[in-house]
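A short write-up of the structure that comes next.
What follows draws every value from the coordinates through simple rules; no lab data is involved. Please read these numbers as outputs of a predicted model, since none were measured by experiment. No Cβ is skipped: glycine too gets one built from the backbone with ideal geometry, and neighbour counts run over all protein chains shown.
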Amino acid sequence: MNLGYTMKVVRIDKKNWVGDIENLSRSYRLFGPVKDDNFHRFEELDKDKLPDLDYFNTRLSPKSIVYPQSETMFEYCLDERKKDHHVMKEASKDYSQRAVIGIRPCDAAAFLLVKRNFDTPECKDPYWVKAYEATTFVGLACNNPHSACFCTTAGCGPFHEDGLDILLIDAGNHYFAKIITSKGENLLKAAGWDTKVDAGKEIESMKQNAETGITSFIATNKLKDKITADLFDAPFWEDMAFACINCGTCTYACPTCWCFDIQDEVHGCSGTRMRNWDSCMYPLFTLHGSGYNPRNTGMQRVRQRFMHKLKYYVDKYDNGIQCVGCGRCVSLCPVNIDIRKICNTMNSYEK
Amino acid sequence: MQNPYLPYPVRIDEIVTETEDKNLKTFKLVFLNPADEEKFYYKAGQFAELSVAGKGEIPIGIASSPTEKGYIMFTVNKVGLVTTHLHSMKEGDVIGIRGPLGNSYPWDILQGKNIVIIGGGFAFTTLRSSIVYMLDPVMRPKFKDIHVIYGARSPEMLLYRDELAGWENSSDINMHITVDATDDPDWKYNTGFVPTITEQKALPGNAETYAIICGPPIMIKFTQPVLDKLDYAHDHIIMSLEMRMKCGIGMCGRCNIGKEFVCKDGPVFTLAQLDKMPKEF
Amino acid sequence: MSDWEPKIVTFLCNWCSYGAADLAGISRMQYPPNIRVIRIPCTGRMSPKFILTAFRQGADGVWVSGCHPGDCHYIEGNYYARRKFALFKRFAEHMGIEPDRLHFSWISSAEGTRFAEVANEVVRAVKKTGPASGYLKAA
Amino acid sequence: MIEYINKIKEISERLLKEGIVDIIIGFRKGTMPMMNEPCFAKSPEDIKNLVWDSNCGINLANYLTNYSADRKEKIGIIAKGCDSRNIVNHIIENKIKRDQLFIIGVPCKGMVDRRKIVSIFEREIKEVTEEKNKIIVKSDGFEKILKKAEVLQENCAICIHRNPVVYDELVADLVEEQKDVDRYEDVRRIEAMPVEKKYKLFDDLLSACIRCYACRNACPLCYCPTCFVDESRPQWVGKSINPVDIRTFHFLRAFHCAGRCTDCGACESACPMDIKVRTFTKKLEKDCFELYGWEAGMSLDERPPLDTYKFDYPD
């Protein structure tokens, strides 16, 4: 929930950072970016380990903090001599409060997009919802966006606040922390940050500066009015999809892709039911038991991925595209399939 | 927070082998906890995930009718990992069931109307549910004429043969059973493909008449022009889609077609709705 | 660990080595019970998937045995198997499976004694190497 | 490079115009520095976009499978040394017919390793161009020139078959092959390790794997309609990110390439997690060479080592 009063900003001296994080670790499980060879990744921070905030962004999105790639749902016993054999039991989980330190605004905003799928009035995905609700998102504004970032035209931005509880702004030897929600307020107390400052103007000018650093754009304004069948049958897909090798890189790296598979695994007499990320790029995703596959070709699967993100999602929720412009799929794709190019082609397509 | 992935435990009460090739078996299931049965309040046309511990889950249309109390029934075709294992199970074994899932046939719209049910092969399961539901003494007066065209490859491949015979003799329902071919000299019903029999026997389309079709793609493909010829409007043709599914609650993403999730927004759609969706089913 | 006994999944060709195992049994020859036999039509049918699946499900060693070169019921199946196995064994070692866990032999259906001997050798070698865990899929 | 590009365009245009082929498979300029996108060309418009430079590491032979299966058209394909060897593989494995192809051979001087270049710089690289043996890297406010030989993909640095093995026409004169290359120095280093250490090495190597299957899908050898990881009856490999499942996948994937791998490096360059997946396949390549004197994809007339045998091979 957004705080209904003028946003509070505190100053955090970097000299005290180590102690502040230590304070936080007493009441939160902490997650943050850490360096791993040439790349950063989010991981749970052991005691005394600091988030490395001197980074651009992590190679994979932090969605796994709320939504792990593999997750146990149920456990069961197959030994017929035991009570309740073959009956599913919920696996125990740690939903104690956790905080992600240094998540980028685009990645935090992505959780809101995914929330529309997992947290609906009729039905809630308990694993995602509980983990999400247990998490406080402490964002880190992007002072120096990269050339593949296109967040400002993907409904987001380098200083975007939606989806965050606190926004940190790196201002040299200190951070400004903008408190956005009551969850953020609670974290502020736990950290002991209380030096209120009036930095509105300074932050605003840094924000504008960062936004001008975004040099890559997409056009999405006409997607909503396009006729689904026209886009679906458009001739450009063959050309756009040709290079695709149908690996799952884009979907696994994407902060807004949520598809999963459910699998049972048995070891001796005990079994687990688990869920794993899945990808619309794989033929198995839609293969019927009969052998029939409605999305049998690579082109159909590429089209599904982009139609879902850029048209179906737009139509279903009337709240923008299912993309925050983080640029991961663009920079990781082995064959340089570029969502920006596809989005612009779709947006400007006339039958 | 209720966990929508957690199956209710059920016991297999009865197994009936339906067809000569033994690939179709009907499982009658009884809830281990009676309270779960009340929670499992369903309508004809919905489906459920049958959960076999150690193997996985499989979405299957509910073959019993909500008017049949004390058990729920599924007819399962042996195709993959889970269904094959299910076929090897015996009465008394414990499995799980999750649901009811999906929408149903639009019963509020169908009340007071003529209903033409067209079914083929083993897709007859939710149609059976619908027929039993409509024939319930309390329900029957709420519908006008009920016609059922049901076809299978041969007499031995028809599902629910005892019930079919009963319906043939009932004045509440007009049954048109057909088989593709048979060398049985005593076969007293129709011979011919479903579209042909539909053309001969179905009521003409009008505002008061709805057709419900469920069957293999090839049957649907050839029945649809027949219904067009009979003047059925596309919003009066109701179909149930098949799609690979996992979660059954619109979350895992795989049954997505256009902006719909077949498991949650379907599986029942009117042809008018399907006309607007990408042809990916 | 002193009472630990290895499990050795043994793939025997239907036409030769399986017969040898049978003969060893009929002749009341002693060979260790660690050997768990799976009959295959020909060693040419062997797939690396079978071997990894054995380790995955708890085998400590795998032994494949077929007809002598030249005696294959299908003329040449064991020649292909020989090449595949040679490459497989080297690769498995590269990937962290000790060579003593993998065995390949030629035993005809008349060689019951040899079957028992090789079985003993295989069990000894695997025992020496200890329990396998690298490719075991544990809960 | 411009000579190469012009020649590629010239040949492609002629082939299409004369109806010798219906489609050309090549590369067009990518949207990211050091990236090109595999593409097809059917029209003169498409041909304008064709490019060639040191960022064409993707193996185009991969685009012949699953593609030719549906179509009977004649295909023109641009092939460097390794691509051509994979085309040979396809032909001897009956995936495609030689006479369905027009191979536009490109003598290759190696592809650059974009990750190596990225890792040299602190800042984001904005533009990369090349001139002869130099790679020019630009960003906001800096420019640096690298020697191409120092930033080659590892497989290119030790490549001894830079020239196409089969071709119908060449875009340039054949290049001199590298001599006295020690192709297996790294494999020998691993061979010398005790087994536990090898096991640990692969544990570390695979810890980042996310099972996206980019390595498999970038590989021209991987064309099975249903891969073993997707089989469910029986299920050979679990689907989660369990380390044993990941290791089993890589083990079996690599072994399936035994005697077929040309060390084109597509798997490694596709991997989004920078896993050195060639560490697996190179061992098999070395053994095939040492045991059977075999190099994959060098001849249309010889059967691969696991598809043949000799009576007298010592057991």
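General remarks:
- Net charge contributed by nearby residues that have their C-beta within less than 12 Å of B:Asp235 (K/R +1, D/E -1): 0
- Straight-line reach from A:Lys316: taking Cα to Cα under 12 Å and skipping same-chain neighbours fewer than 8 places apart, the aspartates and glutamates in range are B:Glu260, B:Asp265.
- Spin-label pair C:Arg124-B:Gln111: with each label point 7 Å from Cα along the Cα-Cβ axis, the two points sit 8.5 nm from one another.
- The range D:159-242: C-alpha gyration tensor shape, a/c 1.5 cut-off, then a/b vs b/c: oblate
- Using Cβ point charges alone (K and R +1, D and E -1), the dipole size of chain C about the Cα centre works out to roughly 400 debye.
- Part-to-part distance (alpha-carbon centres) for the range A:274-351 and the range A:25-76, which is given in Å: 26
- Stokes-Einstein D in µm²/s, Kirkwood radius over Cα pairs - the range B:78-234 at 10 °C with 1.306 mPa s viscosity: 94
- 29 Å Cα-Cα threshold exceeded, pairs from A:Lys341/D:Lys42; A:Lys115/D:Lys126; B:Lys259/C:Lys49; A:Lys14/A:Lys35; D:Lys148/D:Lys283; A:Lys49/D:Lys147: A:Lys115/D:Lys126; B:Lys259/C:Lys49; A:Lys49/D:Lys147
- Cβ-Cβ FRET estimate between A:Asn144 and D:Asp180, R0 fixed at 45 Å, reported to 0.05: 0.45
- Proxy reagent accessibility, fewest Cβ within 10 Å first, across D:Asp307, A:Asp338: D:Asp307, A:Asp338
- Along principal axes, Cα extents of the protein assembly as shown, largest first, whole Å: 93, 91, 75
- A dipole drawn for chain D from +1 and -1 charges on Cβ atoms has a positive end, and of D:Val112, D:Cys261, D:Gly297 the residue lying farthest that way is D:Val112.
- Here the average projected area of the convex hull drawn through the C-alpha atoms of the range B:8-100 stands at 5.4 nm².
- For the listed residue pairs D:Lys97/D:Lys132; A:Lys222/B:Lys221; A:Lys130/A:Lys201; A:Lys8/A:Lys124; A:Lys89/C:Lys137; C:Lys89/D:Lys276, the alpha carbons are over 25 angstrom apart in D:Lys97/D:Lys132; A:Lys222/B:Lys221; A:Lys130/A:Lys201; A:Lys8/A:Lys124.
- Sites matching chymotrypsin sites (Phe, Trp or Tyr not before Pro) across the range D:100-209 that sit in DSSP coil, with at most 16 neighbouring C-beta atoms within 10 Å: D:Phe121
- Along each principal axis, Cα extent of the range D:182-307, largest first, Å: 40, 36, 26
- Cα centroid separation - the range B:25-44 against the range D:250-315, whole Å: 55
- Restricted to Cα atoms, chain D shows a radius of gyration and a Dmax of 20.1, 66 angstrom.
- By the count of other C-beta atoms within 10 Å, a proxy for reagent exposure, C:Arg101, A:Arg98 are ordered fewest to most as A:Arg98, C:Arg101.
- In the range A:201-288, the chymotrypsin sites (Phe, Trp or Tyr not before Pro) that fall in loop regions by DSSP, at most 15 other Cβ within 10 Å: A:Phe217
- Across peptide C:93-104, the average count of Cβ atoms from other chains found within 10 Å of a residue's Cβ is 5.
- Along chain B, the longest continuous region that contains none of the trypsin sites (Lys or Arg not before Pro) in a DSSP loop with at most 10 other C-beta atoms within 10 Å is B:91-187.
- Cα gyration tensor shape of the range C:8-129, rounded if a/c is under 1.5, else prolate or oblate by comparing a/b with b/c: oblate
- Projecting the Cα positions of A:Phe242, A:Gly172, A:Phe56 onto the charge dipole of chain A (unit charges on Cβ atoms of Lys, Arg, Asp and Glu, taken about the Cα centre) puts A:Phe242 furthest along the positive direction.
- Relative counts (whole %) of C-alpha pair distances in the range B:57-156, using bins that are 10 Å wide: 13, 40, 33, 13, 1
- 3J(HN,Hα) along the range A:17-34, derived from phi through the Karplus expression 6.51 cos²θ - 1.76 cosθ + 1.60 where θ = phi - 60°, amounts to 3, 4, x, 5, 5, 4, 4, 5, 5, 6, 10, 10, 6, 9, 10, x, x, 10 Hz, with x in place of Gly and Pro.
- Distances between placed amide hydrogens fall under 5 Å for C:Val64 paired with C:Phe11, C:His103, C:Phe104, C:Ser105, all partners being 5 or more residues away or on another chain.
- Charge dipole (Cα centre; +1 on Lys/Arg Cβ, -1 on Asp/Glu Cβ; no other charges) of the protein assembly as shown amounts to roughly 1240 debye.
- Dipole magnitude (debye, nearest 20) for chain D, charges at Cβ of Lys, Arg, Asp, Glu: 560
- Percent of beta bridges antiparallel (DSSP, the range C:1-92, rounded to nearest 5): 0
- Global geometry of chain A, whether rounded, prolate or oblate, following the gyration tensor of its Cα atoms and the 1.5 cut on a/c: oblate
- Neighbouring partner chain Cβ atoms per residue of A:143-153, average, 10 Å criterion: 2
- Summary: within chain A, the longest segment free of GluC sites (Glu not before Pro) located in DSSP loops with at most 12 other C-beta atoms within 10 Å is A:123-349.
- Spread of Cα-to-Cα distances over 10 Å intervals beginning at zero, given as percent, for the range A:228-348: 12, 40, 33, 11, 4, 0
- Rg then Dmax, both in Å and based on the Cα atoms of the range D:82-198: 18.5, 53.
- Zone of A:Tyr317's modelled label, taken as backbone nitrogen in the range A:96-111 under 17 Å from a point 7 Å along Cα→Cβ: A:105-111
- Amide hydrogen proximity for B:Thr191: with H placed 1.01 Å from N in the peptide plane, the residues at 5 or more positions away or on another chain lying under 5 Å are B:Val179.
- Per residue of peptide C:126-136, the mean number of Cβ atoms on other chains within 10 Å of the residue Cβ is 2.
- Each of A:Ser348, B:Ser240 has some number of other Cβ atoms within 10 Å of its Cβ, and from fewest to most they run A:Ser348, B:Ser240.
- Taking the centroid of alpha carbons for each part, the range C:60-139 and the range D:144-198 are 35 Å apart.
- Peptides B:56-64, D:206-214, D:11-19 ranked from most to least packed by the mean count of surrounding Cβ atoms within 10 Å: B:56-64, D:206-214, D:11-19.
- Among B:Ser65, B:Gly120, B:Ile97 - extreme Cα towards positive end, dipole of the range B:1-159, charges at beta-carbon: B:Gly120
- Loop-located trypsin sites (Lys or Arg not before Pro) in the range D:283-315 whose Cβ has at most 14 other Cβ within 10 Å (DSSP): D:Lys310
- Looking at chain A, the DSSP beta bridges with both ends there are about 75 percent antiparallel.
- Once backbone amide H atoms are built at 1.01 Å from N, A:Leu30 has A:Leu45, A:Ala99 as its partners under 5 Å, excluding neighbours fewer than 5 places away on the same chain.
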